[in-house]
Amino acid sequence: MELVVLWTVLVAASVGAQEVPVNAQEFAFECPPDETTGKFPDPYQCDLYWECFRGEAKLMKCADGLAFDPERVRTQREPCDYLFNVNCTGREELQEPKPTEHCPRANGLFPHETDCGKYYSCKDSVAQERLCSPGLHFSLKTKTCDWEAAAGRGSCDTLQSIGDFTCDPSVDYFTPDNQKIVHPTFPNLEDCALFYVCKNGVVPAISKCNYGLVYNTVTAGCDDPVNVPECATYYDTVEETPVAEAV
């Protein structure tokens, strides 16, 4: 069995990364005699792997924030995946992180500093802010958006506001027949035709009744002004304008 000693380490291209040389170090690895061609995990470091071709090996390094996944080799050309997707048991060592603003490592998904409903997607050290669907939190464990209880982020401040109006996700609203209202609505105290919508009870938006109608706090919907005494004369001084879309 041939013992291969390498003096050059290459970084494997992954998620847009390119192969680049790094400082030479001495490594030793034996390609399996029955698999002289293939990719194999380094026994100590999760983001390193060995690429064998006809019994000759070279050491490869995944981009920062990625790790070698032996299972991925079977179905994907690129063997490196996000750290949270790879089982690194027994080879927990990793390269030194290359942090930038919002990115503890060059690649990965990371929580927003103050808002549990947001997270950063980092690729090659560039962060893009992402928003979970209304009512969901970014889970530190699964790196996905999940229900608040499942995400387990504790007392995370996700209250969002438009002006002085804020949706309170801790309060549920129900119809007269006891059906939960998914997107509750609320009056705009300065304009009878406008009203607020709390999407999934969390994210506020402003909407507007069709021309000729005003918001009725009793029915929680748009209605004829004659049924809303405080707005009965609203259209006496208002000209017709296009219906605004919810924002």
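The values are calculated or read from the model by the stated rules, or taken from the named source; none is laboratory data. What you see is a predicted model, and the numbers here were worked out from it, not measured in a lab. Reconstructed Cβ throughout: ideal geometry from the backbone, glycine too, with neighbour counts over all protein chains shown.
A few remarks follow.
- Against the test of being within 22 Å of residue 29 (Cα to Cα) and either without any contact (Cβ under 8 Å) to a residue 12 or more places away in the chain or outside the structural domain of residue 200 (by TED's automatic domain parsing) (or both), the options 76, 95, 128 yield a single qualifying residue, 95.
Table: residues versus (1) within 16 Å of the chain's Cα centre (by Cα); (2) within 20 Å of residue 204 (Cα to Cα).
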| site | (1), (2) |
| --- | --- |
| 101 | no, no |
| 116 | yes, yes |
| 121 | yes, no |
| 132 | yes, yes |
| 139 | yes, no |
| 144 | yes, no |
| 151 | yes, no |
| 166 | no, yes |
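- Residue within the range 103-110 that is over 30 Å from residue 64 (Cβ atoms), touching a residue at least 24 places away in the same chain (Cβ under 8 Å) and touching a Pro at 6+ places or on another chain (Cβ under 7 Å) present: no
- Of residues in the range 47-81 being surrounded by 19 or more Cβ atoms within 10 Å (Cβ to Cβ) and of a type in the set (Phe, Trp, Tyr), the one farthest from the chain's Cα centre (by Cα): 50
- Residue in the range 171-185 that is more than 20 Å from residue 135 (Cα to Cα), modelled with pLDDT of 90 or more and of a type outside the set (Asp, Glu) present: no
- Strands (runs of 3 or more DSSP E) contained entirely in the range 94-189, each with at least 1 residues that are crowded, with 18+ Cβ neighbours inside 10 Å: 108-111, 118-123, 136-138, 145-147, 185-187
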